[in-house]
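The values are calculated or read from the model by the stated rules, or taken from the named source; none is laboratory data. The structure displayed is predicted, hence computed values, not measured ones. Every residue, glycine among them, receives a Cβ derived from its backbone with ideal geometry; neighbour counts consider all protein chains shown. The area values use the complete protein model at the heavy-atom level, side chains included, leaving out ligands, DNA and RNA. Shrake-Rupley method; radii C 1.70, N 1.55, O 1.52, S 1.80 Å.
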Amino acid sequence: MREPNILIVDDQFGIRVLLTEVLQKEGYETFQAANGPQALSLAANHEIDLVLLDMKIPGMDGIEILKKLKEMKPDIRAIIMTAYGELDLIEKAKELGALTHFAKPFDIDDIRRAVKKYLAM
């Protein structure tokens, strides 16, 4: 059985690197995208089990990316990351099927636990 694949979508390089390091240590295969087109291309070309998706990305925002991912792969699972207080975005993302959300700056251990929990479902 293959390791779960996680797609990390965030325009901030430091966050992508941090999440990649932590999740690879947990044994997951990771892919990184800095924007919507990269994320959609990776999702189209790889088996993705879970997406960690930032909501505030220049160009195509997180809601638009999530919509397009769900069109491509209706059963794809997503955890969203937002700045504190973006309740309207969180609501929209949950309507689109996002599992949960984390406010930035997030606790990396919380993310690690959530990833484990949602991949086990």
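Starting from the stretch 93-116, keep only residues that are assigned to a helix (DSSP H, G or I), then list their pairs with residues that are surrounded by 14 or more Cβ atoms within 10 Å (Cβ to Cβ) and not hydrophobic (A, V, I, L, M, F, W, C) whose Cβ atoms are within a distance under 8 Å, requiring at least 6 positions of separation or different chains.
Ala93/Gly62; Ala93/His101; Lys94/His101; Arg112/Glu26; Ala114/Thr100; Val115/Glu26; Val115/Tyr28; Lys116/Glu26
Lys56 - would you say it is in contact with a helix residue (DSSP H, G or I) (Cβ under 6 Å, 6 or more places away or on another chain) and at negative phi?
No.
Got a number for residues in the stretch 75-92 being over 14 Å from the mean Cα position of the chain (by Cα) and either at pLDDT 95 or above or in a helix (DSSP H, G or I) (or both)?
5
Just to be sure I understand the filter: pairs with C-beta atoms under 6 Å, separated by 6 or more residues or on different chains, first member in the stretch 28-46 and under 18 Å from Gly59 (Cα atoms), second member open to solvent by less than 70 Å² (accessible area, probe 1.4 Å) and part of a strand (DSSP E or B). Which pairs pass?
Hits for this filter: Gln32/Ile8; Ala33/Val9; Ala39/Val9; Ala39/Ala33; Leu42/Leu7; Leu42/Phe31; Leu42/Ala33.
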